[in-house]
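Reading through the structure tokens given below for one structure.
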Amino acid sequence: MKKSIFSRTGPTSKATPVDISDLTKEAGPLTADPKLVILTCLLILASLTAAYVAAEILLPIILSFVLKLLFQPAMRKLERLRVPRPLAALTVILTLFGLIVVLGAAVSGPASSWAGRLPEGIERLQQRLHFLSKPLQTFQDFMHQIDGGQADAGFNLSAILLQGTQHFASGFFETILILFFLLISGDTFLRRTVEIIPRFSDKRQMVALSQQVEQDISAYLVTITLMNGFVGLATGTAMWATGLGDPILWGVLAFILNFVPILGPFAGVAIFVFVGLLGIDGTWTAFLPAGLYLLIHLIEGEIVTPMLLARRFTLNPVLVILSLIFWFWMWGVPGAILAVPMLAILKIICDEIAPLNSLGHFLEG
């Protein structure tokens, strides 16, 4: 009897590992028909072009699906408590919205204060790091050119930080609306898909596959979010202990940056070096915030998270960098934040579908 393409032979399956040649045979005409390969490449190229052009529409939709998978465990628990699904979805949405509003209100004041200190901060840095005066002057001239050549305007920090995020901001309420109806719908799409599959064995395998993929993706997203939350909490506490102040601002910053592997922590170290030199008097103690942030990130990234996620969820670092660069070019900052979750979701799906196991192995770190 021919094996179904829904059979799971990924890293977590108890079945005997399948040789790559067997996967090629199972893939059928995808590898045997050159015309189909060419058409598939053209379809991918057209889809990426549409994703670039329709960023304002696609970003809220994709973010809603990712958030739906993130909040799925909470929805399951509320359903077990006999809470109606619409009420459970409304509870999750209001919790998310309230958390965003509270954190936004808490960090807006300190962020504006630090942004106002940046123009004279360059002069302070030049005094403390006189051996770097020429590079700092070059950096300052470059930033003035970005700001339109207006010397009295200082750093237009808001424009720099918000560049590439206008689609996300404008689509925030659209994201919340789509997320609400996705949470209400539950397994509707799965039921409709199962109904159109002809064979009963494939129906059963489709249900098992979809549940396993959803469970793995939810576990990955929840684990990453919780770990980033602990990183933010530890960073805020460390910044408060060093006397830098504004622990909520630095905790939220560390939480967001940790969603962007490799590039995010590098940016975080540079930011904490900068603010440490601005806010702490001692020359060497000014580097303490950046050192503590780097230590926290190394403990989380090299010890804790690999232990929790195990090898199955590790990704090739080269592909992570390429994904970050590509999706940042496509969608700006929101694309960089979604790049790694989308790559991880692709790997989990490939690990669970037999013909795609080789691609999942390629994505593995």
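On the stretch given as the stretch 252-270, residues that are within 17 Å of the chain's Cα centre (by Cα) and open to solvent by less than 50 Å² (accessible area, probe 1.4 Å) total 12. Pick out, from the stretch 257-360, the helices (runs of 4 or more DSSP H) lying fully within it that include 3 or more residues that are among the charged types (D, E, K, R) and not assigned by the TED database to the domain that holds G229. So the answer is 333-352. Listed by first and then second residue, the pairs linking a residue in the stretch 338-365 that is in contact (Cβ under 8 Å) with a residue 24 or more places away in the chain and among the polar types (S, T, N, Q) to a residue that is crowded, with 19+ Cβ neighbours inside 10 Å and assigned to a loop (DSSP other than H, G, I, E, B), with Cβ atoms under 7 Å apart and 6 or more places separating them unless they lie on different chains, are N357/T9; N357/G10; N357/V18. Only one of the listed residues (V231, V194) is touching a residue at least 24 places away in the same chain (Cβ under 8 Å), in a helix (DSSP H, G or I) and among the β-branched types (V, I, T). That residue is V231. Residues in the stretch 339-350 that are more than 13 Å from L309 (Cβ to Cβ) and crowded, with 22+ Cβ neighbours inside 10 Å: A339 only.
A Cβ distance below 9 Å, combined with a sequence gap of six or more or placement on separate chains, defines the contacts here; from the stretch 241-256, residues that are closer than 13 Å to N228 by Cα and small (G, A, S) reach residues that are modelled with pLDDT of 90 or more and open to solvent by 50 Å² or more (accessible area, probe 1.4 Å) in the pairs G251/L233; G251/T237; A254/L233. Here F181, F200 are screened, and the one residue that is over 16 Å from the mean Cα position of the chain (by Cα), in the same structural domain as L67 (by the TED database) and not acidic (D, E) is F181.
The values are calculated or read from the model by the stated rules, or taken from the named source; none is laboratory data. Treat the numbers as computed from the prediction; the structure is a model and nothing was measured. Every residue, glycine among them, receives a Cβ derived from its backbone with ideal geometry; neighbour counts consider all protein chains shown. Please note that ligands, DNA and RNA were not included when accessible areas were found on the heavy atoms of the full protein model with its side chains. Shrake-Rupley method; radii C 1.70, N 1.55, O 1.52, S 1.80 Å.
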